[in-house]
């Protein structure tokens, strides 16, 4: 697989470009120099061509640590097939950048100079000729944050990757097929779904984690009663407003206690909460970051899977957080492994810190939750995944995936038409799901794979 390395000094936008190309925002980005220290790799599709994308640490000699990071980054670049040397277009090029670029020219098969942070034509005109002094054969002016020029860069990368014919699925001799050849029409019903302009968002969590404060912050008024007394909210409170042509309905649910402590009105509230979750689309799982996570947080999180919701993990009370960002995210990923696909956002509902970012993220999650992948693209992704890691046999019997089709959204459900559906191990399902996440943006939503057999009336594993 072709290796593509992003290299350059600290804070030139390597991790942002890494996120943009991979379509997953999992490389931490910040204005602090040296945020990226280790080599980060991800399998990506450049247009429809698979490649390995490598994000490296900044080239800096400020400290012994940075010198080590620089050495690792240069080593990764020299082992890559294509190298994108990134510079900051808002500052004049320096001699160190030129020196490193010239060194890489002699060792890298394909090298491009990528000038980032040029947000408009005027800045490109002003700074463009400064960077032409590098003598780069491949020169690109982009702005990752404005998604300016990145498509041209990606198309160039694609043109430089040698193309191989996509691996074909192993088919039996008479396997000229269509979907009807593999399954009886009644076995998979493609859901007819009406387009809806409304998104129903449930705010869930333990008592007193700040759900009501969050609702008030989101809608800009004291819609929900806020009190330090645990259990103040005893019935779902909803508020509706328009945002970017979508009608978002937020519902502040009653806080959930341990079963033995639920009494009186709270029993009624819990029933109403679960009833409301049956019709919700996206859940904001609110967790108190000022204290250790509780076992009850984990149990509440399982409601997301139970009701098939899109999800975002919201660490509230960030102004009083116990740990820094990296440590907090690490603890979230350890505790909520089954929600590994959920984005994590830190906020303070009290001070409104970062609350404004939630609405855009909700729209993105809802789009992913509602996404339907065309059958041709889905099967191409399954082919590539299968070529990377062949399906294990079942007691010497070959397992084959003949066809894949998505038959439902909210959340996405995909049928795998197979010769031995009951033999598809859960670990292989997990591998296929992870591969699909690499090809398509399903952040914030689960993907359900349902193995099914050729024209058969058996009951299948799901």
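Taken together, the values in this text are just the output of simple stated rules run on the coordinates, not laboratory data. This structure is a prediction, so every number in the text was calculated from the model and none was measured. Here the Cβ is made from the backbone with ideal geometry for all residues, glycine too, and neighbour counts use every protein chain on show.
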When 134, 426 are arranged by how many other beta-carbons sit within 10 Å of their Cβ, fewest first, they go 426, 134
Taking a crude spin-label model, label points 7 Å out from Cα along the C-beta direction, the residue 158 to residue 383 distance in nm is 1.6 nm
Expressed in nanometres to one decimal, the distance between label points 7 Å along Cα→Cβ at residue 119 and residue 419 is 5.8 nm
Rounded to 0.05, the calculated FRET efficiency for the beta carbons of residue 292 and residue 145 at R₀ = 51 Å is 0.90
If 322, 86, 418 are placed from fewest to most neighbouring beta carbons inside 10 Å, the sequence is 322, 418, 86
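What order do you get for 129, 318, 156 when you list them from fewest to most C-beta neighbours inside 10 Å? Could you put the intermediate results ahead of the total?
Details: 129 8, 318 20, 156 16.
In order of increasing Cβ crowding within 10 Å: 129, 156, 318.
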Mean Cβ-within-10 Å packing, highest first, puts peptides 439-447, 292-300 in the order 439-447, 292-300
Under the 7 Å Cα-to-Cβ spin-label approximation, residue 333 and residue 242 lie apart by a distance in nanometres of 4.1 nm
